[in-house]
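Enquirer: I'd like to ask some things about the structure below.
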Amino acid sequence: MRNVAIKVIDRVVLVAYGRGNPTDDEWAGYLDVIQRNGVDRTVQIIVTDGGEPTSAQRHRLNEVRAGRAVPVAVISRSARVRGTVTALSWFNRKIKAFPPSGLREAIAYLEIPSTRADLIEAELRKLQTEVREGAWSGP
């Protein structure tokens with residue numbers, strides 16, 4: 001079973017984690033997507049049921065970001081994940097955590113047109129199915 005699934009829609013990078021942390025190969029794939037789409041030209045919505053990057057993976061992400069603030073919304077019910085988001089916000093002031101019911105608020109935070117909300121929600125559900133059946137119940 002995969003730990004990470006990714007899809008890009010317009011300038012929005014959608015990422016789903018299951019319960020497990022990404023492998024180094026999965027993380028390298030994620031960083032490749034970010035770099036190919038332009039670190040500072042994207043926004044990200046990350047949905048996780050507890051999986052998150054390791055310390056070494058976060059370090060590599062900070063190297064790729066090179067000090068640029070990237071708008072990221074992390075949706076999770078996990079207190080541990082919310083703690084990680086707080087730590088990441090020390091390096092990226094534009095990352096913010098949301099509860100599972102907060103997808104619409106996350107979309108507004110990222111300034112994504114509300115007309116894209118239904119598509120984004122449907123794609124996030126598909127991605128979550130790829131990493132773990134029923135991990136995110138959405139709003």
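Enquirer: Can you list residues whose amide H is under 5 Å from residue 44's amide H, if they're 5+ apart or on another chain and H is modeled 1.01 Å from N?
Expert: Answer set, sorted by chain and number: 13, 72, 73.
Enquirer: Say we join alpha carbon atoms closer than 10 Å with springs in a Gaussian network model of the chain; which of 50, 38, 20 then has the biggest fluctuation?
Expert: Comparing 50, 38, 20 in the GNM, the peak value goes to 38.
Enquirer: Now for a different question. Which cross-chain or sequence-distant (5 or more) residues have an amide H under 5 Å from the amide H of residue 21, H modelled 1.01 Å from N in plane?
Expert: Those lying under 5 Å, H to H, from residue 21 are 52.
Enquirer: Ignoring ligands, DNA and RNA, what accessible area per residue does the chain give at 1.4 Å, in Å²?
Expert: 49 Å²
Enquirer: Applying the Karplus parametrisation 6.51 cos²θ - 1.76 cosθ + 1.60 with θ = phi - 60° to the phi angles of region 91-104, what ³J(HN,Hα) value in whole Hz is obtained for each residue in order, glycine and proline being reported as x?
Expert: Those phi angles translate into 9, 9, 5, 9, 9, 8, 8, 9, x, x, 7, x, 4, 4 Hz.
Enquirer: Enter the mean projected area of the convex hull around the alpha-carbon atoms of region 34-112, in nm², rounded to one decimal.
Expert: The directionally averaged projection comes out at 4.9 nm².
Enquirer: Using a 1.4 angstrom probe on heavy atoms only, work out the carbon and sulfur share of the accessible area of the chain in %.
Expert: 51 percent
Enquirer: Averaged over every viewing direction, what's the projected area of the C-alpha convex hull for the chain? Give it in nm², one decimal, please.
Expert: 7.1 nm²
Enquirer: In debye, nearest 20: dipole of the chain around its Cα centre with unit charges on the Cβ of K, R (+) and D, E (-)? Please list the in-between numbers first.
Expert: Working: 21 positive and 16 negative charges, 71 e Å.
That gives the chain a dipole magnitude of about 340 debye.
Enquirer: While we're on this one: Could you give the length gained on full extension between residue 11 and residue 94, defined as 0.36 nm per residue of separation minus the Cα-Cα distance, in nm?
Expert: So the extension gain works out to 28.3 nm.
Enquirer: Springs between alpha-carbon pairs under 10 angstrom, Gaussian network model over the chain: which of 72, 64, 13 fluctuates most?
Expert: Maximum fluctuation in the GNM of the chain, among the listed residues, is at 64.
Enquirer: Label points 7 Å out from Cα along the Cβ direction at residue 37 and residue 68: separation in nm?
Expert: The modelled label-to-label distance comes out at 1.3 nm.
Enquirer: Once label points are set 7 Å from the Cα along Cα→Cβ at both residue 55 and residue 115, what is their separation, rounded to one decimal in nm?
Expert: 4.7 nm
The values are calculated or read from the model by the stated rules, or taken from the named source; none is laboratory data. These numbers were taken from a predicted model, which means no experiment stands behind them. Positions of Cβ are generated from backbone atoms using ideal geometry, with glycine treated the same way; all protein chains shown enter the neighbour counts. Keep in mind that these areas ignore ligands, DNA and RNA; they rest on the heavy atoms of the full protein, side chains included. Shrake-Rupley method; radii C 1.70, N 1.55, O 1.52, S 1.80 Å.
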